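See below for the structure under consideration.
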Amino acid sequence: MAECVEKLPHSCGSSDALQVFQDDHTGVFTAYCFACDTYEPHPYTEGGKKPTKKVEKSAGKIRSELEEIFHYPCVDLPDRKLTKESLLYFGIKTGLSEQDGKTPVFHYYPYLKDGEVIGYKARLTPKTFWAVGNLKDAELFGWQQALQTGAKSLYITEGELDAVALYQALKNKARGTKYADYNPAVVSLIKGGTSAKKDLAKFLPSLSHNFKEIVLVFDQDDAGKAAVKDAIQVIPYAKTVHLPAKDANECIIKGFEMALCNAVLFKKERPKNTRLVWGWEVEEEARKETKMGLTWPWQGLTDLTRGMRFGETTYLGSGVKMGKTTMVGVIAAHLIIEHGIKVLIAQPEEPVAKSYKLIVGQIAKRVFHDPNIPFDYPAFDKAKALLSPNVRLLDLYQSLDWNTLRGDIQEAVLDGCQAVFIDPITNLTNGIDAATANTVLQEFAQELAFMAKDLGIMVFMFCHLKAPLTGPPHERGGKVFSSQFAGSRAMMRSCHLMLGLEGNKDPDLPKEETCMRRLIILEDRAFGSSGGIRMYYDDKTGLYHEIREV
């Protein structure tokens, strides 16, 4: 999908009808002149000045644009064989050609949140999309209408026009019967099949609460089949259908309306359960030699754990200000430089600029966040060139919600991230009473373990610890135990590896001792290892140096 970045004059004589759009993923600019209905694939090749930064629209400007679209007409779409009545049911608006005032050129699909329109997805025929407003927190297309039907079955399509087509077909089939006054519940994914897992995971509680049956009416191409597999991971009880044409709208266009209705009403089926397998089906895979995982930044820990592996979750806990956050940068930088892995960093207790500085510092072997240490600009610039295309940061200072974070992780994975760092996970429970917080962490730990396996990613979670019941606090050399982790029982059940960072920051001790740390293995599901490694924190470079036993 794209976003409108500015309006320019056009050769047809218009002063501002040429709207320039930038694709979210590729960054490519294209344009369309609303005055003369002309598509311009290269708007900046002649005369236009490419914007140096994204143009931010004010809230008032966005409201004005949404209000303007709201007053656009709704008309039949003859080429799609969709009626005004069906389109109006979903609130779809139409932009007409300025040349003849009759030909539909644009479709505007409304997206809502809590019953209010927060944006429109705009479509320029045949298949160019951009957003007006903000669709980030939007509900599924047609969700409010689906809730109002009272139906027990929900049909989910990949695109908005497919949703309209299926709705129209089912309404036509019901004409003249006792079901004529009932509306079928039909919705569409927000960004097509590629967003199936993200969209459905985000709305899973609402889907299961409001509907007894979920039917996936996805496209019949390879992309649609892949989307079905993604959706089944989220909703394993969902049913699928085989359509007589590529998608629901094409069924209408080709005259297969009755066959479409029969498919979704009477020929629903559950995909084969691929979770149950016979032993002989995995013999070949089981007979392969087990390989070492990716190296840790410290050889001693690699030896103990046999390395880091995709599909696994790791928890690390320490006392207050013991260097837990520094560990995020150490491990993330190591994965990027040594293994070429893109990472997502979610540190709600740190401004994103500081998080970025810490990771750059690990690559440059410099400290950039301490004003007492001169800022080494050449070292920073050299290191950032290696880092910037491989790290994404979540900009949610002091605010972290699991429903939102879940979607952000899935989106980052689609963008190529293979490792996720969450520091600290206890930020998820801010403002929640202790009993509820423990429940939230239990659900979070279990679901995140599932996500790591399903998405094939590494997840590292950093935790605050409960104070020891007896003995010195963690900051004064107190031992770290698994039971001291917030939500510890759930974490011990769900995690693959649990680590503790120990040390003593007693100001009466020599600096050499206060900078010593011990990283210990508390739980190791894969190999049952125990022990740990000793490290020294160099406050001049920001690095943890492993101290190998002689």
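Of the cross-linked pairs K191/K254; K239/K291; K81/K173, those separated by over 27 Å at the C-alpha level are K239/K291.
For the stretch 306-361 versus the stretch 370-389, the spacing of their alpha-carbon centroids is 17 Å.
For K288, the lysines whose Cα comes closer than 24 Å to its Cα, not counting residues fewer than 8 places off in the same chain, are K453. Take every DSSP beta bridge whose two residues both sit in the stretch 299-547; close to 45 percent of them are antiparallel.
A protection proxy built from the mean count of other Cβ atoms within 10 Å ranks the segments 322-334, 377-389, most packed first, as 322-334, 377-389.
Legend: residue pairs K152/K229; K93/K229; K198/K354; K61/K197; K61/K121, Cα-Cα distance threshold 26 Å; pairs beyond threshold, K93/K229; K198/K354; K61/K197. Taking every DSSP beta bridge with both residues inside the chain, roughly what % is antiparallel (nearest 5)? Roughly 60 percent of the DSSP beta bridges within the chain come out antiparallel. With all pairs of different C-alpha atoms in the average, the Kirkwood value for the hydrodynamic radius of the stretch 56-266 is 17.5 Å.
Legend: helices of the chain (whole DSSP H runs) are marked when their alpha-carbon atoms reach 24 angstrom or more along the helix axis and their mean Kyte-Doolittle hydropathy is at least 0.0; marked are 434-455.
What number, rounded to the nearest 500 deg cm²/dmol, is the helix-based mean residue ellipticity at 222 nm of the chain, given -39500 (n - 2.57) per DSSP H run of at least four residues and division by all its residues?
-10000 deg cm²/dmol
Taking a straight Cα-Cα cut-off under 20 Å and skipping sequence neighbours fewer than 8 places away in the same chain, the aspartates and glutamates within cross-link reach of K384 are E338, E350, D370, D376, D395, D415.
Spin-label pair N134-L414: with each label point 7 Å from Cα along the Cα-Cβ axis, the two points sit 1.8 nm from one another. Set against the labelled values [x] 49, 30, 20; [y] 42, 26, 22; [z] 40, 34, 20, semi-axes √(5λ) of the Cα gyration tensor in Å computed from this structure falls on [x].
Read the figures in this text as sums done on the coordinates, not as results from a lab. None of the values given here were measured: they were computed from a predicted structure. Here the Cβ is made from the backbone with ideal geometry for all residues, glycine too, and neighbour counts use every protein chain on show.
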